[in-house]
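*Asks:* My structure is below; once you've seen it, I'll send some questions.
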Amino acid sequence: MLLVVVEHDGNAVVEAGLEALTFGRALANRMGADLHAALIGADDDSMIEQVGRFGAARVHVAAPEELHDYSPYGYGAIVAALVAELDPEAVLACATSRGNEVMATAAAHLDAALVANCAEISPGDPWRITRVQWGGSLLEDVTVDADVTLLTCSLHTVIAAPGDTENDLEVEYFDVGIDDMAIATMVKDRVVLEAGVTLPTAPVVCGGGRGVGSAAGFAQLEELAELLGGRVGCSRAVTNLGWRPHSDQVGQTGTRIAPEIYIASGISGAIQHWVGAMASKHILAVNIDPEANMVIKADWAVIADLHEVIPAITAEIRSRRS
Amino acid sequence: MRICCCIKRVPAPGARINVTADGLDVDSAHLGFTTSPHEECAVECAVQLVERNGGEVTVLTLGLVDAVEQLRYAVSVGASKAVLVNADSNAWDPQRTAAALAAAIAELEATQGRFDLMLFGNESADAGGFQVGVRVAHALGRPMVQGIKDIELHDDETTGRVVTARREIDGGFEVYELCCPCVLGVMEGLNLPRYPTMKGRLSSKKVEISEISANADPGVQKRVRLHRPSEMVTETVILGTGPEAAPAVVDVLEELGVL
């Protein structure tokens with residue numbers, strides 16, 4: 001049996017949780033095994049129904065009352081307890097920061113291997129796995145020979161899609177005790193900084209690099225992003241120069257974006273930045289250098305000074321709308 | 001307060017990474033090395049906390065003797081003690097790395113006293129296993145939270161020293177409160193690491209590097225080979241060479257339905 005740990009935000013299963021189920025459905029198929037799901041910290045009918053539509057045959061709901069918010073230790077300990085109880089061959093989550101953290105905690109509890117950020121998984125004896133290193137610029141083939149293998153699948157490896165057939169979903173409630181460490185590491189408070197569209201979910205991202213020239217130079221990108229209902233992103237060089245906050249950084253040590261289109265202006269496209277941007281569905285590069293890595297990898301490019309092109313694009317959009 | 005930072009020597013991010021002929025390691029012949037970016041911020045954070053609250057920062061790394069370069073760098077920006085956990089390879093699996101680090105930390109604590117706070121990078125820039133810090137914390141029985149981008153300390157009458165840590169999530173922050181001793185996995189963006197001063201450089205040359213030999217059994221994850229993903233070949237359509245390209249750009253946006 002393959003157990004998929006389904007990530008949610010308290011209200012609904014998040015996209016990464018659906019990706020894990022989609023990835024897990026194909027993996028369970030290759031294993032010739034049943035697909036079970038674990039819903040931790042939420043006993044919610046609509047989430048349970050969602051998990052069923054994405055192909056799970058059985059869902060294990062573990063929502064102890066004391067665990068009223070996310071706790072890395074609490075969630076990890078529950079995954080470990082589920083493994084002890086259900087004896088799955090493998091456990092899978094999506095490699096988000098929470099997914100990796102919960103699985104690492106579970107792996108520590110079980111003294112089991114965790115293979116993080118997997119791109120391809122071939123079950124067998126031993127399991128053969130290709131995992132992502134360097135944020136995607138290098139791949140590592142590993143083997144794992146163990147009673148239970150813990151895995152996280154790399155974000156955006158698959159596009160979340162419901163299963164073809166409707167299962168009769170069995171719901172099981174997993175009664176589990178909570179210890180002090182779970183309470184000690186539970187979220188104490190939540191601070192909402194912005195409602196609405198955020199960098200990881202924006203349909204359009206207007207990115208700027210060193211070529212923007214200054215903090216003030218980003219005003220043109222802000223204007224375009226606002227017009228398109230998108231967000232401004234930037235390269236690591238820009239945050240290091242102090243032109244933008246780190247929360248705007250797209251890259252290996254920043255945010256992974258996946259917009260419909262990424263408009264990358266004055267960005268050379270170093271590997272560190274590229275790995276954060278490569279899940280974009282389309283890329284338009286604006287750069288004075290036709291040989292820039294970003295231009296070579298883009299679907300479309302404008303070879304010109306971004307400070308001339310971006311205002312012209314903004315003006316064109318305004319004139320078409322009016 | 002006593003703070004321990006676990007750091008890792010990695011090839012400088014951004015360089016093109018080549019693989020050795022046997023595929024088992026990164027070819028380091030033409031690479032510069034640095035401290036993994038999240039951990040540079042961990043060291044800076046530890047140094048700032050000690051500047052405000054007193055105490056000392058110990059930096060610790062597991063790897064080959066080359067990693068002394070990164071230990072000395074950490075001393076040049078304010079750490080006071082440096083420990084090399086000597087291993088025969090840079091490519092230990094995460095289970096083995098964590099077990100050896102936990103044993104080394106326990107050994108240090110037995111002679112020098114407990115660390116109030118241990119900082120790890122959220123993940124290393126190269127292997128990206130996302131687990132060594134979590135495993136060490138678990139082995140030592142301490143609370144641990146990953147993904148931290150802001151740390152504040154305060155003293156509480158009943159619980160002692162408390163760390164308030166923030167993790168950035170989509171559209172806001174999660175706030176955690178952990179009693180010391182505790183462990184945090186931190187991320188770039190926590191601060192802007194300082195550059196070494198002349199005085200710092202001098203102390204980094206003089207500091208004695210303690211050595212502990214790494215001791216732990218291999219885990220069950222075995223590397224077969226490293227390889228580069230197949231390069232994506234994209235036909236880039238050039239829409240223009242100046243502002244006159246704007247209508248063509250907006251046509252694209254319209255086609256994608258984002259207008």
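The values are calculated or read from the model by the stated rules, or taken from the named source; none is laboratory data. The model shown is predicted, which means the values in this text are computed figures rather than measured ones. Every residue, glycine among them, receives a Cβ derived from its backbone with ideal geometry; neighbour counts consider all protein chains shown. Note: areas computed on protein heavy atoms with side chains; ligands, DNA, RNA excluded. Shrake-Rupley method; radii C 1.70, N 1.55, O 1.52, S 1.80 Å.
*Asks:* Report the accessible surface area buried between chains A and B, summing both sides, using a 1.4 Å probe on protein heavy atoms only, in Å² rounded to the nearest 100. Mind dumping the intermediate values first?
*Replies:* Numbers: alone 15410 and 14740 Å², together 23400 Å².
The summed interface area works out to 6800 Å².
*Asks:* Residues of A:139-149, mean number of Cβ from any other protein chain within 10 Å of their own Cβ, rounded to a whole number? Display every interim value, and only then the final one.
*Replies:* Working: counts 7, 12, 7, 7, 5, 5, 3, 3, 1, 0, 2.
That works out to 5 on average.
*Asks:* Using the charge dipole of the stretch A:76-196 (Lys, Arg: +1 at Cβ; Asp, Glu: -1 at Cβ; taken about the Cα centre), state which of A:Leu82, A:Ala161, A:Gly136 has its Cα farthest towards the positive end.
*Replies:* Checking the options against the dipole of the stretch A:76-196, the answer is A:Gly136.
*Asks:* In chain B, what is the count of Lys pairs whose alpha carbons are under 16 Å apart, counting only pairs at least 8 residues apart or on separate chains? Could you put the intermediate results ahead of the total?
*Replies:* Numbers: B:Lys8/B:Lys81; B:Lys81/B:Lys199; B:Lys81/B:Lys205; B:Lys81/B:Lys206.
Within chain B, the lysine pair count is 4.
*Asks:* Packing-wise, with mean Cβ within 10 Å as the measure, how do A:135-145, B:21-31 rank, highest first? Walk me through the numbers on the way to the answer.
*Replies:* Values: A:135-145: 19.9, B:21-31: 12.2.
Result, highest mean Cβ count within 10 Å first: A:135-145, B:21-31.
*Asks:* Answer rounded, prolate or oblate for chain A, using the Cα gyration tensor with square roots of eigenvalues a ≥ b ≥ c: rounded when a/c is under 1.5, else prolate when a/b is larger than b/c, else oblate.
*Replies:* On the way: a/c = 2.16, a/b = 1.90, b/c = 1.14.
Cα axes put chain A in the prolate bin.
*Asks:* Between B:Thr20, B:Thr35, B:Thr61, find the one with the highest GNM mean-square fluctuation for chain B; connect C-alpha pairs within less than 10 Å.
*Replies:* B:Thr20
*Asks:* Taking square-rooted eigenvalues a ≥ b ≥ c of the alpha carbon gyration tensor, is the stretch A:191-322 rounded, prolate or oblate, where a/c under 1.5 means rounded and, failing that, a/b exceeding b/c means prolate?
*Replies:* Numbers: a/c = 1.32, a/b = 1.05, b/c = 1.27.
Because its axes are fairly even, with a/c under 1.5, the stretch A:191-322 counts as rounded.
*Asks:* Compute the label zone of A:Val191 within the stretch B:114-157: residues whose backbone N is under 14 Å from the point 7 Å along Cα-to-Cβ.
*Replies:* Taking a point 7 Å out along Cα→Cβ of A:Val191, the residues of the stretch B:114-157 whose backbone N falls under 14 Å are B:148-153.
*Asks:* Same structure again: For the protein assembly as shown, which whole percent of the accessible surface, found with a 1.4 angstrom probe, sits on carbon and sulfur atoms? List each step's numbers first, then the result.
*Replies:* Working: 11320 of 23400 Å².
Its accessible area is 48 percent carbon and sulfur atoms.
*Asks:* Once you have the Cα-Cα distance between B:Arg52 and B:Ala21, take 0.36 nm times their residue separation minus that, and quote the gain in nm to one decimal. Present the calculation step by step, with values, prior to reporting the outcome.
*Replies:* Details: separation 31, 0.36 × 31 = 11.16 nm, distance 4.92 nm.
Gain on extension, B:Arg52 to B:Ala21, equals 6.2 nm.
*Asks:* Shifting gears a bit: Evaluate peptide A:266-275: per residue, the Cβ atoms of other protein chains within 10 Å of its Cβ; return the mean as an integer.
*Replies:* Values: counts 0, 0, 0, 0, 3, 5, 6, 1, 2, 1.
That works out to 2 on average.
*Asks:* Using only atoms on other chains, find how many Cβ atoms lie within 10 Å of each Cβ of peptide B:228-235 and report the average. Display every interim value, and only then the final one.
*Replies:* Details: counts 4, 8, 1, 2, 4, 2, 7, 1.
Across the residues of B:228-235, the mean count of other-chain Cβ atoms within 10 Å is 4.
*Asks:* Let's see if you can work this out: charge +1 on each Lys and Arg Cβ, -1 on each Asp and Glu Cβ, no other charges. What is the dipole magnitude of the protein assembly as shown about its Cα centre, in debye to the nearest 20? Show your work: numbers first, answer last.
*Replies:* Working: 43 positive and 80 negative charges, 445 e Å.
So the magnitude is around 2140 debye.
*Asks:* Any idea how far the Cα center of the stretch A:237-292 sits from the one of the stretch B:15-85, in Å?
*Replies:* Cα centroid of the stretch A:237-292 versus Cα centroid of the stretch B:15-85: 26 Å apart.
*Asks:* Grab the Cα-Cα distance for A:Asp175 and A:Ser214, subtract it from 0.36 nm times how many residues apart they are, and report the gain in nm with one decimal. Please list the in-between numbers first.
*Replies:* Values: separation 39, 0.36 × 39 = 14.04 nm, distance 5.61 nm.
Stretched out fully, the A:Asp175 to A:Ser214 stretch lengthens by 8.4 nm.
*Asks:* Where the centre of each part is set by its Cα atoms, how far does the stretch A:104-146 sit from the stretch B:198-222, in angstrom?
*Replies:* Value for the Cα centre distance between the two parts: 27 Å.
*Asks:* Follow-up question, since we're still on this one. Roughly how many whole Å is it from the C-alpha centroid of the stretch A:153-180 to that of the stretch B:161-190?
*Replies:* Using only Cα atoms, the two centres lie 28 Å from each other.
*Asks:* Within 10 Å, count the other beta carbons around each residue, average over each peptide in A:207-213, B:176-182, and list them highest first.
*Replies:* Details: A:207-213: 24.3, B:176-182: 21.6.
Going from most to least packed, we get A:207-213, B:176-182.
*Asks:* Could you sort B:Glu56, A:Glu15 by their accessible area in this structure, using a 1.4 Å probe and putting the largest first? Please report the intermediate quantities before stating the final value.
*Replies:* Working: B:Glu56 45, A:Glu15 110 Å².
Solvent-accessible surface, decreasing: A:Glu15, B:Glu56.
*Asks:* Oh, and also: Could you sort A:119-129, A:88-98 so that the peptide with the highest average Cβ count within 10 Å comes first and the rest follow in order? Don't jump to the answer; show the numbers that get you there.
*Replies:* Details: A:119-129: 16.3, A:88-98: 25.1.
Result, highest mean first: A:88-98, A:119-129.
*Asks:* Residue farthest toward the positive end of the dipole of the stretch B:1-154, with Cβ of Lys/Arg at +1 and Asp/Glu at -1: which of B:Phe120, B:Pro143, B:Tyr73?
*Replies:* Checked the options; the winner is B:Pro143.
*Asks:* Moving on. Would you please classify the overall shape of chain B from the alpha carbon gyration tensor, given that a ≥ b ≥ c denote the square roots of the eigenvalues, rounded means a/c under 1.5, and beyond that prolate means a/b larger than b/c while oblate covers the rest? Show your work: numbers first, answer last.
*Replies:* On the way: a/c = 1.91, a/b = 1.44, b/c = 1.32.
Prolate.
*Asks:* Here's another thing I want to ask about it. For the stretch A:1-63, give the magnitude of the charge dipole about the Cα centre (Cβ charges: +1 Lys/Arg, -1 Asp/Glu; no others), in debye to the nearest 20. Write down the numbers at each step before the final one.
*Replies:* Values: 4 positive and 9 negative charges, 80 e Å.
Charge dipole of the stretch A:1-63: 380 debye, to the nearest 20.
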